[in-house]
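Here the structure is laid out as C-alpha coordinates; the discussion comes afterwards.
The values are calculated or read from the model by the stated rules, or taken from the named source; none is laboratory data. Keep in mind the model is a prediction, meaning the values are calculated, not measured. Cβ: placed from backbone, ideal geometry, glycine included. Neighbour counts: every protein chain shown. For the accessible areas, the whole protein counts, side chains as well, though only heavy atoms, and no ligand, DNA or RNA atoms are used. Shrake-Rupley method; radii C 1.70, N 1.55, O 1.52, S 1.80 Å.
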Amino acid sequence: MDRRQFNKTLASALAVAAVPEAPFLAFGRYRTRKLTLNGARLNRHLKELSAFGANPQGGVSRVAYSDADRAGRSYVMDCMRAAGLDVRVDFAGNIVGSRAGTDTVLKPIVVGSHIDSVPDGGNYDGTVGSLSAVEVAQTLQETGVRTRHPLEVVVWANEEGGLYGSRAVSGQLATSQLANRAWSGKTIEEGVAFLGGQPARLSEVRRQRGDIATYLELHIEQGGNLEREGLTIGVVEGIVGIRRWDVTVTGVQNHAGTTPMDQRHDALLATARFVDMVNRVVRGMPGRQVGTVGKIEAFPGAPNVIPGRALATLELRDLDSAKIQRVFDAIEVEAKRIGEATGTTFELQGRHQDIPALSDPAIREIIGDVAKGLGYSTRAMPSGAGHDAQAMAQLGPMGMIFIPSIGGISHSPKEFSTPEDIERGARVLMGAVLQADKR
Ligand code: GLV
Ligand code: MN
Ligand code: MN
(Lines give C-alpha, C1' and ligand atoms only; values in the text may rest on other atoms or scores of the structure.)
(Ligands and ions follow the chains in the order given, each with its own letter.)
Protein backbone atom coordinates (compact mmCIF):
# COMPACT_ATOMS: atom_id res chain seq x y z
CA MET A 1 0.00 0.00 0.00
CA ASP A 2 1.46 3.39 -0.84
CA ARG A 3 1.34 6.27 1.61
CA ARG A 4 -1.75 7.93 0.12
CA GLN A 5 -3.74 4.72 0.24
CA PHE A 6 -2.50 4.09 3.78
CA ASN A 7 -3.55 7.55 4.90
CA LYS A 8 -7.02 7.16 3.39
CA THR A 9 -7.52 3.76 4.99
CA LEU A 10 -6.34 5.00 8.34
CA ALA A 11 -8.54 8.09 8.28
CA SER A 12 -11.63 5.97 7.78
CA ALA A 13 -10.52 3.34 10.27
CA LEU A 14 -10.24 5.93 12.99
CA ALA A 15 -13.29 7.99 12.04
CA VAL A 16 -15.03 9.62 15.01
CA ALA A 17 -18.54 8.68 13.95
CA ALA A 18 -19.15 4.96 13.76
CA VAL A 19 -20.08 4.04 10.22
CA PRO A 20 -22.72 1.30 10.39
CA GLU A 21 -22.03 -0.43 7.09
CA ALA A 22 -18.80 -2.29 6.31
CA PRO A 23 -17.93 -3.47 9.81
CA PHE A 24 -14.56 -4.70 8.56
CA LEU A 25 -12.01 -3.01 6.38
CA ALA A 26 -8.57 -3.81 5.14
CA PHE A 27 -6.01 -2.34 7.50
CA GLY A 28 -2.57 -3.00 6.17
CA ARG A 29 -1.53 -6.62 6.42
CA TYR A 30 -4.60 -7.79 8.30
CA ARG A 31 -8.29 -6.97 8.51
CA THR A 32 -9.61 -5.12 11.46
CA ARG A 33 -12.90 -3.77 12.68
CA LYS A 34 -13.67 -0.12 12.23
CA LEU A 35 -12.38 1.57 15.38
CA THR A 36 -14.14 4.38 17.15
CA LEU A 37 -12.25 5.88 20.02
CA ASN A 38 -14.54 7.30 22.70
CA GLY A 39 -13.29 10.88 23.18
CA ALA A 40 -16.13 11.79 25.54
CA ARG A 41 -15.26 8.90 27.86
CA LEU A 42 -11.56 9.81 27.75
CA ASN A 43 -12.31 13.43 28.72
CA ARG A 44 -14.68 12.27 31.46
CA HIS A 45 -11.93 10.05 32.89
CA LEU A 46 -9.55 13.04 32.87
CA LYS A 47 -12.08 15.13 34.73
CA GLU A 48 -12.71 12.42 37.30
CA LEU A 49 -8.98 11.91 37.88
CA SER A 50 -8.53 15.66 38.44
CA ALA A 51 -10.53 15.34 41.69
CA PHE A 52 -7.65 13.44 43.33
CA GLY A 53 -5.39 16.07 44.85
CA ALA A 54 -7.45 18.97 43.43
CA ASN A 55 -5.94 22.29 44.56
CA PRO A 56 -7.85 25.55 45.10
CA GLN A 57 -6.25 27.13 42.01
CA GLY A 58 -7.98 24.57 39.74
CA GLY A 59 -5.08 22.20 39.17
CA VAL A 60 -3.77 19.26 41.18
CA SER A 61 -1.17 18.85 43.89
CA ARG A 62 -0.63 15.13 43.47
CA VAL A 63 3.05 14.69 44.11
CA ALA A 64 4.41 11.17 43.94
CA TYR A 65 3.82 8.92 46.98
CA SER A 66 1.22 11.27 48.50
CA ASP A 67 -2.23 10.07 49.58
CA ALA A 68 -3.68 11.84 46.52
CA ASP A 69 -1.24 9.98 44.25
CA ARG A 70 -2.22 6.63 45.72
CA ALA A 71 -5.93 7.42 45.47
CA GLY A 72 -5.58 8.64 41.87
CA ARG A 73 -3.65 5.50 40.95
CA SER A 74 -6.40 3.37 42.42
CA TYR A 75 -8.93 5.23 40.23
CA VAL A 76 -6.77 4.63 37.14
CA MET A 77 -6.39 0.94 38.00
CA ASP A 78 -10.19 0.67 38.04
CA CYS A 79 -10.30 2.28 34.58
CA MET A 80 -7.68 -0.20 33.38
CA ARG A 81 -9.65 -3.18 34.68
CA ALA A 82 -12.77 -1.82 32.98
CA ALA A 83 -10.71 -1.69 29.79
CA GLY A 84 -10.05 -5.42 30.12
CA LEU A 85 -6.42 -5.06 31.16
CA ASP A 86 -4.75 -7.46 33.55
CA VAL A 87 -3.47 -5.01 36.20
CA ARG A 88 -0.52 -5.29 38.59
CA VAL A 89 1.89 -2.99 40.44
CA ASP A 90 5.52 -3.87 39.75
CA PHE A 91 8.32 -3.81 42.34
CA ALA A 92 9.15 -0.17 41.45
CA GLY A 93 5.55 0.94 42.01
CA ASN A 94 4.68 1.27 38.31
CA ILE A 95 1.15 0.27 37.33
CA VAL A 96 1.22 -2.22 34.46
CA GLY A 97 -1.94 -3.23 32.57
CA SER A 98 -1.38 -6.09 30.13
CA ARG A 99 -3.32 -7.44 27.20
CA ALA A 100 -2.17 -10.58 25.38
CA GLY A 101 -1.18 -10.48 21.73
CA THR A 102 -1.82 -13.16 19.13
CA ASP A 103 1.85 -13.92 18.59
CA THR A 104 3.43 -15.27 21.76
CA VAL A 105 7.03 -14.76 20.66
CA LEU A 106 6.70 -11.01 20.13
CA LYS A 107 7.84 -8.43 22.69
CA PRO A 108 5.24 -5.98 23.99
CA ILE A 109 4.26 -2.59 22.64
CA VAL A 110 4.39 -0.39 25.73
CA VAL A 111 2.21 2.74 25.94
CA GLY A 112 2.17 4.98 28.96
CA SER A 113 2.84 8.15 30.91
CA HIS A 114 2.42 9.28 34.54
CA ILE A 115 -0.24 10.70 36.84
CA ASP A 116 1.93 12.25 39.58
CA SER A 117 2.24 16.05 39.41
CA VAL A 118 4.65 18.77 40.47
CA PRO A 119 3.62 20.73 43.60
CA ASP A 120 0.74 23.03 42.53
CA GLY A 121 0.60 21.37 39.13
CA GLY A 122 -2.03 21.07 36.41
CA ASN A 123 -4.53 18.48 35.20
CA TYR A 124 -2.97 17.47 31.88
CA ASP A 125 0.75 16.77 32.27
CA GLY A 126 1.06 12.96 32.20
CA THR A 127 -2.64 12.26 32.72
CA VAL A 128 -3.54 12.85 29.06
CA GLY A 129 -1.07 10.18 27.94
CA SER A 130 -1.95 7.75 30.73
CA LEU A 131 -5.71 7.83 30.24
CA SER A 132 -5.40 7.92 26.43
CA ALA A 133 -3.38 4.71 26.63
CA VAL A 134 -6.17 3.17 28.73
CA GLU A 135 -8.73 4.44 26.19
CA VAL A 136 -6.80 2.80 23.34
CA ALA A 137 -6.88 -0.52 25.24
CA GLN A 138 -10.59 -0.15 25.92
CA THR A 139 -11.30 0.61 22.26
CA LEU A 140 -9.36 -2.46 21.18
CA GLN A 141 -11.31 -4.55 23.65
CA GLU A 142 -14.71 -3.19 22.65
CA THR A 143 -14.02 -3.67 18.96
CA GLY A 144 -12.53 -7.12 19.49
CA VAL A 145 -9.23 -6.21 17.89
CA ARG A 146 -6.32 -8.43 18.92
CA THR A 147 -2.88 -7.00 18.27
CA ARG A 148 -0.05 -9.33 17.29
CA HIS A 149 2.18 -7.92 20.01
CA PRO A 150 1.16 -7.98 23.65
CA LEU A 151 0.09 -4.50 24.75
CA GLU A 152 1.23 -3.00 28.04
CA VAL A 153 -0.33 0.19 29.39
CA VAL A 154 1.99 1.64 32.03
CA VAL A 155 1.52 4.45 34.54
CA TRP A 156 5.07 5.22 35.65
CA ALA A 157 5.71 6.01 39.31
CA ASN A 158 7.23 9.35 40.32
CA GLU A 159 7.96 10.82 36.90
CA GLU A 160 8.10 14.39 38.16
CA GLY A 161 10.66 13.66 40.85
CA GLY A 162 13.08 12.31 38.22
CA LEU A 163 11.70 9.35 36.21
CA TYR A 164 12.12 6.95 39.13
CA GLY A 165 9.73 4.23 37.94
CA SER A 166 10.88 4.20 34.33
CA ARG A 167 14.57 4.45 35.25
CA ALA A 168 14.17 1.40 37.48
CA VAL A 169 12.94 -0.49 34.41
CA SER A 170 15.65 0.87 32.09
CA GLY A 171 18.40 0.10 34.61
CA GLN A 172 19.37 3.74 35.20
CA LEU A 173 18.37 3.91 38.86
CA ALA A 174 21.18 3.37 41.37
CA THR A 175 20.20 1.75 44.68
CA SER A 176 21.76 4.72 46.49
CA GLN A 177 19.01 6.93 44.99
CA LEU A 178 16.40 5.10 47.06
CA ALA A 179 17.50 7.33 49.95
CA ASN A 180 16.61 10.54 48.05
CA ARG A 181 13.71 12.45 49.54
CA ALA A 182 10.67 13.12 47.38
CA TRP A 183 8.30 16.11 47.62
CA SER A 184 5.85 14.01 49.64
CA GLY A 185 8.45 13.92 52.44
CA LYS A 186 8.99 10.19 51.98
CA THR A 187 12.24 8.73 50.72
CA ILE A 188 12.01 6.94 47.37
CA GLU A 189 12.27 3.66 49.26
CA GLU A 190 9.35 4.52 51.55
CA GLY A 191 7.36 5.89 48.61
CA VAL A 192 7.79 2.82 46.44
CA ALA A 193 6.57 0.63 49.31
CA PHE A 194 3.66 3.05 49.93
CA LEU A 195 2.51 2.48 46.33
CA GLY A 196 2.65 -1.29 46.70
CA GLY A 197 6.12 -1.86 45.25
CA GLN A 198 9.01 -3.76 46.84
CA PRO A 199 12.13 -1.57 47.00
CA ALA A 200 14.33 -4.51 48.01
CA ARG A 201 13.44 -6.27 44.74
CA LEU A 202 13.74 -3.19 42.52
CA SER A 203 16.46 -4.71 40.35
CA GLU A 204 14.03 -7.41 39.22
CA VAL A 205 11.94 -4.94 37.19
CA ARG A 206 14.92 -4.13 35.01
CA ARG A 207 14.54 -4.87 31.31
CA GLN A 208 17.23 -5.16 28.67
CA ARG A 209 17.53 -3.50 25.27
CA GLY A 210 15.27 -5.41 22.90
CA ASP A 211 12.79 -6.37 25.62
CA ILE A 212 10.17 -4.00 24.22
CA ALA A 213 9.00 -3.82 20.61
CA THR A 214 8.01 -0.13 20.72
CA TYR A 215 7.36 2.54 23.33
CA LEU A 216 4.76 5.23 22.61
CA GLU A 217 3.73 8.19 24.75
CA LEU A 218 1.18 10.91 24.13
CA HIS A 219 1.78 14.13 26.09
CA ILE A 220 0.85 17.79 26.13
CA GLU A 221 3.51 19.97 24.49
CA GLN A 222 4.07 22.11 27.63
CA GLY A 223 5.29 24.92 25.36
CA GLY A 224 3.42 27.22 22.99
CA ASN A 225 4.72 26.23 19.55
CA LEU A 226 1.81 24.12 18.30
CA GLU A 227 -0.85 26.61 19.39
CA ARG A 228 1.09 29.60 18.04
CA GLU A 229 1.51 27.94 14.65
CA GLY A 230 -2.06 26.63 14.56
CA LEU A 231 -0.88 23.01 14.37
CA THR A 232 -2.52 19.91 15.84
CA ILE A 233 0.16 17.29 16.39
CA GLY A 234 3.84 17.49 17.33
CA VAL A 235 6.07 14.59 16.33
CA VAL A 236 8.83 14.53 18.91
CA GLU A 237 12.35 14.27 17.53
CA GLY A 238 14.11 13.86 20.83
CA ILE A 239 13.96 14.61 24.54
CA VAL A 240 16.45 16.84 26.30
CA GLY A 241 18.97 15.56 28.78
CA ILE A 242 18.58 17.02 32.27
CA ARG A 243 21.27 17.44 34.91
CA ARG A 244 20.72 18.86 38.39
CA TRP A 245 23.15 19.98 41.07
CA ASP A 246 22.79 21.01 44.70
CA VAL A 247 24.71 24.25 45.25
CA THR A 248 26.04 24.99 48.74
CA VAL A 249 27.43 28.46 49.37
CA THR A 250 29.36 28.96 52.58
CA GLY A 251 30.13 32.40 54.04
CA VAL A 252 30.32 33.70 57.58
CA GLN A 253 27.23 34.15 59.76
CA ASN A 254 27.42 37.46 61.60
CA HIS A 255 25.47 40.34 63.11
CA ALA A 256 23.51 42.36 60.52
CA GLY A 257 23.76 45.59 62.53
CA THR A 258 27.38 45.65 63.62
CA THR A 259 29.22 44.17 60.61
CA PRO A 260 30.31 46.91 58.14
CA MET A 261 29.29 46.36 54.54
CA ASP A 262 32.87 45.83 53.37
CA GLN A 263 33.56 43.13 55.97
CA ARG A 264 30.82 40.65 55.16
CA HIS A 265 30.94 37.13 53.72
CA ASP A 266 27.28 37.00 52.80
CA ALA A 267 26.30 33.60 51.41
CA LEU A 268 22.94 34.82 50.13
CA LEU A 269 24.46 37.78 48.29
CA ALA A 270 26.89 35.37 46.59
CA THR A 271 23.96 33.10 45.68
CA ALA A 272 22.05 36.03 44.19
CA ARG A 273 25.05 36.76 41.96
CA PHE A 274 25.18 33.07 41.08
CA VAL A 275 21.54 33.16 39.88
CA ASP A 276 22.24 36.11 37.61
CA MET A 277 25.48 34.59 36.34
CA VAL A 278 23.80 31.26 35.41
CA ASN A 279 21.29 33.14 33.29
CA ARG A 280 24.06 35.14 31.61
CA VAL A 281 26.28 32.12 30.88
CA VAL A 282 23.43 29.99 29.49
CA ARG A 283 22.19 32.81 27.27
CA GLY A 284 25.69 33.72 26.20
CA MET A 285 26.24 30.51 24.25
CA PRO A 286 24.59 29.80 20.89
CA GLY A 287 22.00 27.00 20.93
CA ARG A 288 18.75 26.00 22.63
CA GLN A 289 20.15 25.06 26.05
CA VAL A 290 18.27 26.25 29.13
CA GLY A 291 19.44 26.72 32.71
CA THR A 292 17.49 27.46 35.88
CA VAL A 293 18.09 28.13 39.55
CA GLY A 294 14.70 27.04 40.90
CA LYS A 295 15.23 27.10 44.63
CA ILE A 296 17.20 29.10 47.23
CA GLU A 297 17.31 28.84 51.01
CA ALA A 298 19.32 31.05 53.35
CA PHE A 299 20.50 30.04 56.83
CA PRO A 300 19.77 30.77 59.56
CA GLY A 301 17.16 32.92 57.80
CA ALA A 302 16.49 35.94 60.00
CA PRO A 303 16.31 39.68 59.17
CA ASN A 304 19.10 40.57 61.60
CA VAL A 305 21.58 37.85 60.65
CA ILE A 306 23.94 37.87 57.66
CA PRO A 307 23.39 34.44 56.07
CA GLY A 308 26.36 32.16 56.68
CA ARG A 309 25.11 29.45 54.37
CA ALA A 310 22.80 29.24 51.40
CA LEU A 311 21.50 26.30 49.40
CA ALA A 312 20.35 26.49 45.80
CA THR A 313 19.64 24.17 42.90
CA LEU A 314 21.03 24.34 39.39
CA GLU A 315 19.37 22.58 36.46
CA LEU A 316 20.68 22.47 32.87
CA ARG A 317 18.96 20.95 29.83
CA ASP A 318 19.95 20.30 26.23
CA LEU A 319 19.60 17.59 23.58
CA ASP A 320 23.39 17.18 23.67
CA SER A 321 25.07 15.91 26.86
CA ALA A 322 28.43 17.39 25.83
CA LYS A 323 26.80 20.81 25.54
CA ILE A 324 25.37 20.51 29.05
CA GLN A 325 28.86 19.69 30.31
CA ARG A 326 30.37 22.73 28.53
CA VAL A 327 27.77 25.05 30.03
CA PHE A 328 28.35 23.55 33.47
CA ASP A 329 32.13 23.95 33.17
CA ALA A 330 31.69 27.65 32.37
CA ILE A 331 29.31 28.09 35.32
CA GLU A 332 31.76 26.39 37.66
CA VAL A 333 34.55 28.78 36.66
CA GLU A 334 32.30 31.80 37.16
CA ALA A 335 31.05 30.49 40.53
CA LYS A 336 34.64 30.31 41.75
CA ARG A 337 35.12 33.96 40.75
CA ILE A 338 31.97 35.01 42.62
CA GLY A 339 33.26 33.12 45.66
CA GLU A 340 36.58 35.02 45.52
CA ALA A 341 34.83 38.37 45.15
CA THR A 342 32.40 37.76 48.03
CA GLY A 343 34.61 35.82 50.45
CA THR A 344 32.49 32.71 50.14
CA THR A 345 32.96 29.21 48.73
CA PHE A 346 30.79 27.33 46.26
CA GLU A 347 30.29 23.59 46.21
CA LEU A 348 28.30 22.11 43.31
CA GLN A 349 27.28 18.52 43.84
CA GLY A 350 25.68 16.49 41.01
CA ARG A 351 22.33 15.10 42.11
CA HIS A 352 20.44 13.87 39.12
CA GLN A 353 20.83 13.02 35.46
CA ASP A 354 18.40 12.03 32.69
CA ILE A 355 20.27 11.34 29.51
CA PRO A 356 18.98 12.86 26.26
CA ALA A 357 17.12 10.48 23.95
CA LEU A 358 16.24 10.61 20.28
CA SER A 359 13.01 9.10 19.05
CA ASP A 360 13.16 6.32 16.47
CA PRO A 361 12.96 7.61 12.85
CA ALA A 362 10.58 4.82 11.77
CA ILE A 363 8.23 5.49 14.69
CA ARG A 364 8.37 9.22 13.92
CA GLU A 365 7.32 8.42 10.37
CA ILE A 366 4.44 6.24 11.60
CA ILE A 367 3.19 9.02 13.89
CA GLY A 368 3.45 11.62 11.12
CA ASP A 369 1.66 9.35 8.61
CA VAL A 370 -1.12 8.46 11.04
CA ALA A 371 -1.69 12.12 11.93
CA LYS A 372 -1.74 13.22 8.30
CA GLY A 373 -4.04 10.32 7.46
CA LEU A 374 -6.49 11.68 10.00
CA GLY A 375 -6.22 15.12 8.41
CA TYR A 376 -4.15 16.70 11.19
CA SER A 377 -1.35 19.17 10.63
CA THR A 378 2.00 18.19 12.14
CA ARG A 379 5.47 19.43 12.83
CA ALA A 380 8.61 17.79 14.14
CA MET A 381 9.86 19.25 17.41
CA PRO A 382 12.22 18.58 20.31
CA SER A 383 10.91 18.14 23.84
CA GLY A 384 12.33 20.53 26.41
CA ALA A 385 10.51 18.66 29.16
CA GLY A 386 11.68 15.33 30.51
CA HIS A 387 9.58 12.22 29.95
CA ASP A 388 9.57 8.53 30.87
CA ALA A 389 10.01 7.95 27.13
CA GLN A 390 13.67 8.90 27.46
CA ALA A 391 14.27 6.00 29.84
CA MET A 392 12.33 3.66 27.54
CA ALA A 393 14.45 4.74 24.57
CA GLN A 394 17.24 2.73 26.24
CA LEU A 395 15.21 -0.43 25.70
CA GLY A 396 13.72 -0.09 22.24
CA PRO A 397 12.35 2.21 19.53
CA MET A 398 10.55 5.16 21.12
CA GLY A 399 8.10 7.71 19.77
CA MET A 400 6.19 10.60 21.33
CA ILE A 401 3.14 12.54 20.22
CA PHE A 402 2.46 16.11 21.41
CA ILE A 403 -0.81 18.03 21.44
CA PRO A 404 -1.11 21.82 21.97
CA SER A 405 -0.86 23.35 25.43
CA ILE A 406 -3.02 26.47 25.44
CA GLY A 407 -0.90 29.53 26.16
CA GLY A 408 2.16 27.28 26.36
CA ILE A 409 1.59 26.98 30.13
CA SER A 410 2.50 23.86 32.06
CA HIS A 411 3.60 22.85 35.58
CA SER A 412 0.90 25.26 36.67
CA PRO A 413 -2.78 24.98 37.63
CA LYS A 414 -3.44 27.05 34.46
CA GLU A 415 -2.25 24.17 32.26
CA PHE A 416 -4.93 23.41 29.63
CA SER A 417 -5.47 21.40 26.48
CA THR A 418 -8.83 21.27 24.71
CA PRO A 419 -10.98 18.12 24.85
CA GLU A 420 -10.89 18.06 21.04
CA ASP A 421 -7.10 18.12 20.90
CA ILE A 422 -6.97 15.41 23.55
CA GLU A 423 -9.24 13.22 21.48
CA ARG A 424 -7.19 13.88 18.34
CA GLY A 425 -4.00 12.99 20.17
CA ALA A 426 -5.54 9.75 21.44
CA ARG A 427 -6.61 8.83 17.92
CA VAL A 428 -3.08 9.36 16.66
CA LEU A 429 -1.82 7.24 19.56
CA MET A 430 -4.22 4.43 18.64
CA GLY A 431 -3.27 4.58 14.97
CA ALA A 432 0.41 4.53 15.88
CA VAL A 433 -0.08 1.47 18.11
CA LEU A 434 -1.81 -0.38 15.25
CA GLN A 435 0.86 0.57 12.73
CA ALA A 436 3.70 -0.29 15.12
CA ASP A 437 1.98 -3.65 15.62
CA LYS A 438 2.63 -4.48 11.97
CA ARG A 439 6.40 -4.13 12.28
C1 GLV B 1 9.21 16.99 33.87
O2 GLV B 1 8.08 17.36 33.60
C3 GLV B 1 10.32 17.89 33.66
O4 GLV B 1 10.60 18.19 32.50
O5 GLV B 1 10.89 18.37 34.65
MN1 MN C 1 4.86 14.81 32.10
MN1 MN D 1 5.90 17.47 34.22
Highest to lowest packing among 52-61, 234-243, scored as the average C-beta count within 10 Å: 234-243, 52-61
Roughly how big is region 122-241's charge dipole about its Cα centre, with Cβ charges of +1 (Lys, Arg) and -1 (Asp, Glu), in debye to the nearest 20? 520
Give the peptides 398-411, 152-165, 247-260 in descending order of average Cβ contacts within 10 Å, highest first. 152-165, 398-411, 247-260
Could you check how much of the accessible area of the chain is carbon and sulfur, as a whole percent, using a 1.4 Å probe? 51
Taking a 23 Å limit on the Cα-Cα distance, which of the listed pairs Lys107/Lys186; Lys47/Lys438; Lys295/Lys414 fall beyond it? Lys107/Lys186; Lys47/Lys438
Listed by chain and number, the residues whose amide H is under 5 Å from that of Asp320, excluding neighbours fewer than 5 places away on the same chain and using placed H, are Gly241
Under Karplus coefficients 6.51, -1.76 and 1.60, residue-wise ³J(HN,Hα) of region 372-382 in Hz, glycine/proline x: 5, x, 8, x, 9, 6, 9, 8, 7, 7, x
Considering the dipole of the chain built from charges on the beta carbon (Lys and Arg +1, Asp and Glu -1) around the Cα centre, which of Ser61, Val433, Ala179 is farthest to its positive end? Val433
Sorted by mean Cβ packing within 10 Å, highest first, what order do the peptides 267-274, 295-302, 179-186 take? 267-274, 179-186, 295-302
Before anything else, pin down the relative contact order of the chain: Cα pairs under 8 Å, at least 6 apart, normalised by residue count, whole percent. 22
Rounded to the nearest 20 debye, what is the charge dipole size of the chain about its Cα centre when +1 sits on each Lys and Arg Cβ and -1 on each Asp and Glu Cβ? 1000
Taking the Cα centre of region 174-234 as the origin, how large is its charge dipole in debye, to the nearest 20, when only Lys and Arg (+1) and Asp and Glu (-1) carry charge on their Cβ atoms? 300
Sequence-separation-based contact order of region 135-282, relative, with Cα cut under 8 Å and 6+ spacing, percent: 11
How large is Rg/Rh for the chain, to two decimals, with Cα atoms and a Kirkwood Rh? 1.03
Please work out whether region 111-173 counts as rounded, prolate or oblate from its C-alpha gyration tensor, where a ≥ b ≥ c are the square roots of the eigenvalues and a/c under 1.5 means rounded, while otherwise a/b larger than b/c means prolate and anything else oblate? oblate
Where Lys and Arg each count +1 and Asp and Glu each count -1, what net charge lies around Gly39 among other residues with Cβ under 12 Å from its Cβ? 0
Cα gyration tensor, region 93-223 - rounded (a/c under 1.5), prolate or oblate: oblate
Could you do me a favour and compute the accessible area per residue for region 329-432, 1.4 Å probe, result in Å²? 37
Return the sequence-ordered ³J(HN,Hα) values of region 352-364 in whole Hz as given by the Karplus equation 6.51 cos²θ - 1.76 cosθ + 1.60 applied to θ = phi - 60°, using x for Gly and Pro. 7, 8, 10, 7, x, 9, 9, 6, 7, x, 5, 6, 4
